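Single-structure report; data block below.
The values are calculated or read from the model by the stated rules, or taken from the named source; none is laboratory data. None of these values were measured; they are calculated from a predicted model. Cβ placement follows ideal geometry from the backbone for every residue including glycine, while neighbour counts extend to all protein chains displayed.
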Amino acid sequence: MREGTRRPKRRVEGYTISAVSERYDIHAQTLRMYEREGLLKPFRSVGNTRYYSDLDLERLEMILTLTRDLGVNLAGVEVILNLREQYARMQEEMTQFLDAVRTELGDRIRDRGAAEAAALVPRTAQLVVSRASGVARAGQTTPRGTGRTRPNKMKGGDPNP
């Protein structure tokens, strides 16, 4: 291979184990132990070198806060991190669900408006009459010809119309 035809080395995005251990003042073996315990999952290069992403560093900061500042053991750290991930997933699912509901309601409102606009007879007030009593429900019109609205028969209403 001639010197002019050499391929440039691919740049790997991430931090090496030595850079991370120096930055956070922890031993490289501690990082390896966190990986063995499943708390950290750095990606590996073709040469099997560990590289830590920005998300890995955020997770490491959480691990260090829990262990150093709050005295949580590694089993507790694992539980807390798993609960945080589960909460984030549930929050994302809820957001997607609410977006779908909003879209569906918007579609239904739009469809209803289009149907009302295309109706031969516009909808103003609906008449709902009980067959047994012949009385219209409160706030709605009475049968044609009476020309008045019947009162609400609910508690607190005027009993004498």
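Pairs, please: C-beta under 7 Å, at least 6 apart or cross-chain, first residue within 17 Å of Asp56 (Cβ to Cβ) and in the stretch 1-27, second part of a loop (DSSP other than H, G, I, E, B) and modelled with pLDDT under 95? The qualifying pairs are Val12/Ser45; Thr16/Thr49. Inspection of the stretch 97-110 identifies no residue that is among the aliphatic types (A, V, I, L, M), under 16 Å from Tyr34 (Cα atoms) and modelled with pLDDT of 95 or more. Selection of first residues in the stretch 31-56 that are under 19 Å from Val77 (Cα atoms) and touching a residue at least 40 places away in the same chain (Cβ under 8 Å) and of second residues that are part of a helix (DSSP H, G or I) and of a type in the set (Lys, Arg), restricted to Cβ pairs under 8 Å at least 6 apart or on distinct chains, gives the following pairs, ordered by first then second residue: Leu39/Arg59.
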